Each structure stands twice: as C-alpha cells, then as structure tokens.
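Participant: Quick one: this structure, given as structure tokens, is what I'll be asking you about.
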Amino acid sequence: MNKKTFPVRPAHPERICWGCDLYCKAGEMRCGNGAERTQHPCETWGDDWAETALDSESTTVPAPSSQKSEN
C-alpha cells in the first residue's frame, strides 16, 4: 500500500477538504470530519508555508518558568 503524498502547492485547494487522507470534494465529505472542510496550509499561512514550517526548527521556544505561582 502506497502512502499518498501531500501536495505542497495544489492548483485549487479550496475544492478539497484536507482534514484526512481521503481528500474529499468540499461538498461531498465522507469522513465526517466536521461541518466544514479543513483548509490547506497554503490557504491559512500563505504560499510559502512549507519553507516557514522548515524554518520553525531553528526558532527557540522559551523554557518553562521554574517559579511556582502562589495561589
């Protein structure tokens, strides 16, 4: 069984639900992934979403605070 590849720059991302590997048409969702289709990352983060995601490895995340809050 071959795994489907995820398209980085689809021609018409608005026509497909990207919520699972079924890639259903927007009006004919079979998986029950909710009432609305899941958007492709290029629709929410722009065309350079793949490069931005790769750059996220170099960003540092602040360490959790070691101080306990007093309640």
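Rule-based calculations on the coordinates, nothing more; no lab input. Everything quoted here is computed from the prediction, not taken from an experiment. Counting neighbours? That spans all protein chains shown, and the Cβs are built from the backbone with ideal geometry, glycine included.
Participant: For a quick check: with amide H placed at 1.01 Å from N, whose amide H comes under 5 Å from I16's, ignoring anything fewer than 5 positions away on the same chain?
Facilitator: Here the answer is A26, since their amide H atoms fall under 5 Å of that of I16.
Participant: For the pair K3 and E36, how long in nm is the line joining their label points, each one 7 Å along Cα→Cβ?
Facilitator: 3.0
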